[in-house]
Each structure stands twice: as structure tokens, then as C-alpha cells.
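Below is one structure, written out as C-alpha cells, with a few remarks after it.
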Amino acid sequence: MKTARRQSYGVKSAPYGFLLPGIILFALFFALPIGYALYLSFRKVHVSGLGLGSGARKEVWAGLENYSDALSDSELLHGALRVFGYGLIVVPVMLGLALLFALMLDADKVRFTPFTRLAIFLPYAIPGVVAALLWGFLYLPDVSPFYWVLDKLGMPQPDLLDGGPLYLALSNIAVWGGTGFNMIVIYTALQAIPVEVYEAAKLDGATPLQIALRIKIPMVAPSLVLTFFFSIIATLQVFNEPTTLKPLTNSVSTTWSPLMKVYQDAFGNGDIYRASAQAVIIAFATLVLSFGFLRAANRRSKQEEGAR
């Protein structure tokens, strides 16, 4: 009887044993840093006198002062506006290309599908910093082969690292690196559609274009929502590309994006308290936008199901 109880207890506790390593890692590298950032966001350093000697600098309670300073910081607001403009280019172009490539690979008369799929996905496997460095040198007129070709052809040579073209240069890096991942997600969803659906559509006289527009795209809508969700999060967290291109141009400031502003305040200005408040605000904004988008997508899907 006791043996049976021990075996039953062991079977019931086994799942928790498998979950324990993941829970520990989640607590150490995710929950604990978030909690510490929240703690720091409500603190500040109080300097007495000239700030010299022991006890002259003390960490004290700041309340919502750091949040007030962050929300009234014009640099953070301008960085958010720049990221908004950057996202208006990146998200639709990247998802549009991903959908187009997925539909092309899913077509009947496509050759070398495995090689093409790998070639489109391969840029995603390249680290973002490395990709930014590669494209950064291709943008420099002195070393870029593209500028050499344009010079030989007598064509104008635009400066992609200055002014408005800078948004296109940064967006190109993100699109080049992220299209492959989104394409794989959409292509996998296309492969899960039953073949009988296509055969029925062909018997009804549907053309390949009509099948793509009226069958394939509506049936992979959940995958499109998922990729859009991931793309929004990645856009709000843009950091590698502008930081890597910064030494190559004066048009990218140390506060070009909100995350760059957080990094500059924390490690450039040494104000980890205000930087923590800014990080919490960015995380909260990302959560609100993501949650709002998912709720809107779910509401629309329910309305479509009700209409049917």
C-alpha cells in the first residue's frame, strides 16, 4: 500500500520536476531583472553638499519622479516618433514580401523549392549586428561596390546614411533579416491546408491567383496575425541596427530609438534609475499595443465566424 502511494506521488510530482529547471531560469533571467528594474525605477540618488565623502550620496525613495521625468523627456518622445516612422516602413514591407515568397513557394510549378526556401531564410540566421555591419559598409560611398557601379554609369549617388534615406537604410536591414522567418511561418501554415480544398477550387474553375487571394490568404490569417504581432514587438525594440550604424554617420544620435535612450542614460550618463523607469514605460507600451492588437484580431475573427 505504501509502495503504491509513493509511486502515485512520484508520478504526480514528476511534471513539476521537469518544469523546475525552466522555472528557475525564468525567475533568474526574466522575473528577477524585471522586478529589480521596477524597484530601481522608484529610487534615486540624493547628493548632500558637494557629494564628497562617505554618506554624501544616498539612494532614496523617488516615487513617480523618474516616470514624470521620462514622460516629459523630449528625446524619448522623438525617439518613439522615429521608431514609429521606421515601423511604418518595416512591418508592411517585410510581411508583404514574406507572404509573397510563401505563396510563390507553395505554387504547383515551382522548382528548387528547398534551395529557394533556405536562401530566403538564411539572412535570419545572421546575427543582427553582423548584418548591420555588412549593410553599413555597403552604404558607405568609399567602399561600397554599388556606389562604384553608379559612378561608372554616371548615375547619382544618394547618401543613404543621412536624412530621410536613413530610414530606408535601417528598414532594409530589418526587412532583409526578418523576411525569412516570417516566410517560414506563413509557408508552414500553407502546407497545412488540405489538398482537397485546392482540388475543389480547381474543379470550380478557379485560377491560381483566385486560389491565392480567396483561399490561401484567408486560411493563413492566424499566421499573418502572429507574424504581425512579432514584427510590432521587434520594431519597438529596435537597437542593434542604429547602434551599429552610429559610428558610420552623424545622423544617428545616441538617443535615436527609445532603447538607445535607455542605454545612454544607464551606461553613458550613469542614471540607472531614470533608465529603469524608461524601460518600464517601453515594456508597458509594448504590452498595451500587443494586447490591444490581439484583442482586435480576436474580435474580428469572432465577428467573421458569427457572420458565417
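The values are calculated or read from the model by the stated rules, or taken from the named source; none is laboratory data. A quick note: this is a predicted structure, and the numbers were derived from the prediction, not measured. Neighbour counts are summed over all protein chains in view; Cβ atoms, including those assigned to glycine, are modelled from backbone coordinates with ideal geometry. These accessible areas exclude ligands, DNA and RNA; they are computed on the full protein's heavy atoms, side chains included. Shrake-Rupley method; radii C 1.70, N 1.55, O 1.52, S 1.80 Å.
Structure notes:
- Within the span defined as segment 129-152, every residue fails to be in a loop (DSSP other than H, G, I, E, B) and either over 19 Å from Asn250 (Cβ atoms) or not assigned by the TED database to the domain that holds Leu99 (or both).
- Selection count, segment 181-202, where residues are farther than 20 Å from Phe121 by Cβ and either in contact (Cβ under 8 Å) with a residue 24 or more places away in the chain or under 21 Å from the mean Cα position of the chain (by Cα) (or both): 1
- Only one of Val110, Val83, Val93 that is within 30 Å of Leu213 (Cβ to Cβ) and surrounded by 15 or more Cβ atoms within 10 Å (Cβ to Cβ): Val93
- Taking residues in segment 256-268 that are in contact (Cβ under 8 Å) with a residue 12 or more places away in the chain and under 9 Å from Ala279 (Cα atoms), and partners anywhere that are open to solvent by less than 10 Å² (accessible area, probe 1.4 Å) and of a type in the set (Val, Ile, Thr), the pairs with Cβ atoms closer than 8 Å and at least 6 places apart or on different chains are Pro258/Val83; Leu259/Val238.
- Members of segment 266-297 that are part of a helix (DSSP H, G or I) and among the charged types (D, E, K, R): Arg274, Arg295
- Ser290 vs. criteria buried (at least 17 other Cβ atoms within 10 Å of the Cβ) and within 30 Å of Ile184 (Cα to Cα): no
- Segment 61-72, subset at pLDDT 90 or above and buried (at least 17 other Cβ atoms within 10 Å of the Cβ), residue nearest to the chain's Cα centre (by Cα): Ala70
- Within segment 23-60, considering residues that are open to solvent by 50 Å² or more (accessible area, probe 1.4 Å) and touching a Gly at 6+ places or on another chain (Cβ under 8 Å), the one modelled with the highest pLDDT: Phe42
- Filtering segment 203-213 to residues that are surrounded by fewer than 16 Cβ atoms within 10 Å (Cβ to Cβ), farther than 14 Å from Leu99 by Cα and without any contact (Cβ under 8 Å) to a residue 12 or more places away in the chain leaves Leu203, Asp204, Gly205, Thr207, Gln210.
- Scanning segment 10-22 for residues that are of a type outside the set (A, V, I, L, M) and either open to solvent by 100 Å² or more (accessible area, probe 1.4 Å) or within 30 Å of Val280 (Cβ to Cβ) (or both) yields Lys12, Tyr16, Phe18, Pro21, Gly22.
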